[in-house]
Amino acid sequence: MIIKILGTGCPKCKKLEANALAAVAELGIEATVEKVTDLDKIMDYGVMMTPALVINEKVVASGKIFAVSDIKTLLSKGV
């Protein structure tokens, strides 16, 4: 599973990354968490507001910070 955090490195982006890492750790799953900071690559996903959360190349959230519990729910469903 590949999880990407799209954002330029703002505090909200860092919080979403921390929440994603915590969710992966709590679930005990194998996943790669990547940060994407290049604006051209972010726009390739059609994202206009950051931070954004991408799971297996599918944008699941944009412009908000998902809580650890919300991310765990998404990961459990195999989004």
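Calculated on the Cα set of the range 14-53, radius of gyration then Dmax: 11.7, 32 Å. Semi-axis lengths, largest first, of the ellipsoid equivalent to the chain are 19, 12, 10 Å, with √(5λ) applied to each eigenvalue of the Cα gyration tensor.
Axis angle, to the nearest 10 degrees, between helix 68-77 and the longest C-alpha principal axis of the chain: 80 degrees. Charge dipole (Cα centre; +1 on Lys/Arg Cβ, -1 on Asp/Glu Cβ; no other charges) of the chain amounts to roughly 260 debye. By the helix-only formula, in which each DSSP H run with n ≥ 4 contributes -39500 (n - 2.57) and the sum is divided by residues, the chain has a 222 nm mean residue ellipticity of -12500 deg cm²/dmol.
Applying the criteria of a DSSP loop state and at most 10 other Cβ atoms within 10 Å to the GluC sites (Glu not before Pro) of the range 7-63 yields Glu30, Glu57.
Among the lysines of the chain, pairs that are 8 or more positions apart or on different chains and have alpha carbons within less than 14 Å of each other number 13. The angle between the Cα long axis of helix 11-27 and the main principal axis of the chain comes to about 20°, on a 0 to 90 degree scale.
Just so you know, all these numbers are worked out from the coordinates, no wet-lab data involved. No experiment lies behind these values; they were computed from the predicted model shown. We place every Cβ from the backbone using ideal geometry, glycine too, and count neighbours over all the protein chains shown.
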